[in-house]
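Here is the structure we will look at, set down as structure tokens.
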Amino acid sequence: MKRHFIILLIALIYKSNLLYGQFSSEILNQFPIHILLQIYETEQKTSLSATSQFRLGNYFMKKDSLAREALTQGTPLVEVANHYTTKEENLQKILSPLEYNEYRLAIRGISGCSRLREMVRYRKSLRLTEIQVQELIRQSNVIEDIAGQEGFKQSEKEHQIADSLLTPRIHLEYYRLKNKTEASNATKKNLADLQEYSFCTTPTDSILYFSAICQYELNNRSTLEYWKDSEKQEKYEQMKLTLEKQIPAILQQLKVYKSMPWWSVIKNALNRREELKLSHSQSDSLFTGFEACLQQEEAHKQNKSNTRFDRKVEEYKQLVTILSPGQFDHLLRQQKQDRAKENAQWDWENLLKYKLVEQKDHNQVINEMYAYELKLLVAGEWLYIDNSREHVFARRDITDNKPKLLKQLDATRKKEAESKIIRF
């Protein structure tokens, strides 16, 4: 009990110190501490003028007096407590219109108030006249009185009032102001994604993209919210389509990149853009090529063809036309090098098993096997891309000229297999 008393005392002292910094000496001398605390609680929700502080203090003093009188008359405590409940309509009469506007937003939240009240918050940035502010507050009161009634379209009504009172241009500026933070956060997220996926490789890239992306995000969010609140669905859909066409090219590319499956060979090329030394033009063409493959696939589905559409092959064909022969060969070799290493290791283990090599020859043999296996895999991939006579012969030429050790291995294994055949 003593501990609780000490905590309460500390809290009161702390709040008392706050009060001395919040109120003038006249206010502090005029009212007892418990009334000052009630004024302070209201002050936390809306900035009060000295006049409003006095009026509010007198209001709380009167309620306190009524509560004390009721208590002396034996009124139940539950009913006495009602005297300490502050009704909004009473505060509305005591506070100035602007003070009450902020108070209502603070206790009910933006979703619990007329949207016109939030516009009042931005009055300085929107450069609203005193008459416009007064009318916004008046209309807010009217709308909140009838909100929720059957058939009343609150959002549409607020939109009409704001367009008429502020002009559509200033009304739209309100949406830009309220969406600034979200647009900035979305821009930072986009830039982080661009850096993660290597679209931005230098600080200059980030600076270059920031302005365009931020402007797009702000315009997109504010315009769509403006038309959504108007309740004009057809106009909203039209603007949505229009804004989709205005997306910065770099964001469109990021969107396409994220949609690419893990096995996409175009995605693999983009992941190796620095290694392949792709030009900006080549990178742009790769995105265009990927979208072309998607369109081809969709057209194939629409035609209801019985043949299988191999999108990976189509992506390869795009790469062949976009990359130089050297770049494409490098890409294929990089794609197949891990598999080639595995195959080379398998070759070595079998050569060792049949005693065709010695351990001291490891490095030399592994390198020879790796070079052969890589050539074979690349040739096989070319055959997958284009099953022409040229690529058939190219692969056959490689197998015909396989390393002598592998030919010896083939012969040894064949002889072993033949020896196991049961002859009658």
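Values in this text are rule-based calculations from the coordinates and carry no lab data. Being a predicted model, the structure only gives us computed values, none of them experimental. Counting neighbours? That spans all protein chains shown, and the Cβs are built from the backbone with ideal geometry, glycine included.
Structure summary
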{"item": "Pairwise FRET efficiency - Gln233 versus Asn58, Cβ, R0 = 60 Å, nearest 0.05", "result": "0.70"}
{"item": "Estimated inter-spin distance, Gln215 and Gln30, nm [label 7 Å along Cα→Cβ]", "result": "5.3"}
{"item": "Sorted by Cβ density within 10 Å, fewest first, the residues Val120, Val256, Val392", "result": "Val392, Val256, Val120"}
{"item": "Pairwise centroid distance, computed over Cα atoms, of the stretch 269-334 with the stretch 202-225, Å", "result": "29"}
{"item": "For the chain, size of Cβ-based charge dipole, Lys and Arg +1, Asp and Glu -1, in debye", "result": "880"}
{"item": "Among Asn220, His391, Thr242 - extreme Cα towards positive end, dipole of the chain, charges at beta-carbon", "result": "His391"}
{"item": "Packing-based order for 340-349, 105-114, using average beta carbon neighbours within 10 Å, highest first", "result": "340-349, 105-114"}
{"item": "Anchor Lys267: aspartates and glutamates whose Cα lies under 15 Å away (excluding residues fewer than 8 positions away in-chain)", "result": "Glu196, Glu275, Asp284, Glu291, Glu314, Glu315"}
{"item": "Cα-based reach from Lys415 at 24 Å (exclusive), listing lysines while leaving out same-chain residues under 8 positions away", "result": "Lys353, Lys355, Lys402, Lys404, Lys407"}
{"item": "Theoretical FRET efficiency, 1/(1+(r/R0)^6), r = Cβ-Cβ of Thr288 and Phe393, R0 35 Å, to 0.05", "result": "0.55"}
{"item": "Cα long-axis angle, helix 33-43 against the chain (0 to 90 degrees, to the nearest 10)", "result": "50"}
{"item": "Principal-axis tilt of helix 130-146 within the chain, Cα atoms, nearest 10 degrees", "result": "90"}
{"item": "Test item: Cα-centred dipole of the stretch 263-322, Lys/Arg +1 and Asp/Glu -1 on Cβ, debye", "result": "180"}
{"item": "Distance in nm between pseudo-label sites at Ser259 and Lys301 (7 Å out along the Cβ direction from Cα)", "result": "1.1"}
{"item": "Degrees between helix 311-322 axis and first principal axis of the chain (Cα, 0 to 90, nearest 10)", "result": "80"}
{"item": "For peptides 177-188, 145-156, sequence by mean Cβ density within 10 Å, most packed first", "result": "177-188, 145-156"}
{"item": "Ranking of Ser96, Ser24, Ser140 by count of other Cβ atoms within 10 Å, fewest first", "result": "Ser24, Ser96, Ser140"}
{"item": "Net charge, Ile250 excluded, C-beta distance under 11 Å - Lys, Arg +1, Asp, Glu -1", "result": "-2"}
{"item": "Efficiency of FRET from Cβ geometry, Asp205 and Ile146, R₀ 51 Å, rounded to 0.05", "result": "0.45"}
{"item": "Candidate aspartates and glutamates for bridging to Lys341, where Cα separation is under 20 Å - those fewer than 8 sequence places away on the same chain excluded", "result": "Asp329, Glu349, Glu358, Asp361, Glu368, Glu373, Glu381, Asp410"}
{"item": "Residue pairs, from the table Lys157/Lys255; Lys228/Lys258; Lys124/Lys157; Lys153/Lys235; Lys124/Lys245, whose Cα atoms sit over 26 Å apart", "result": "Lys157/Lys255; Lys228/Lys258; Lys124/Lys245"}
{"item": "The chain - mean residue ellipticity at 222 nm from DSSP helices (-39,500 (n - 2.57) per run, n ≥ 4, rounded to 500)", "result": "-25000 deg cm²/dmol"}
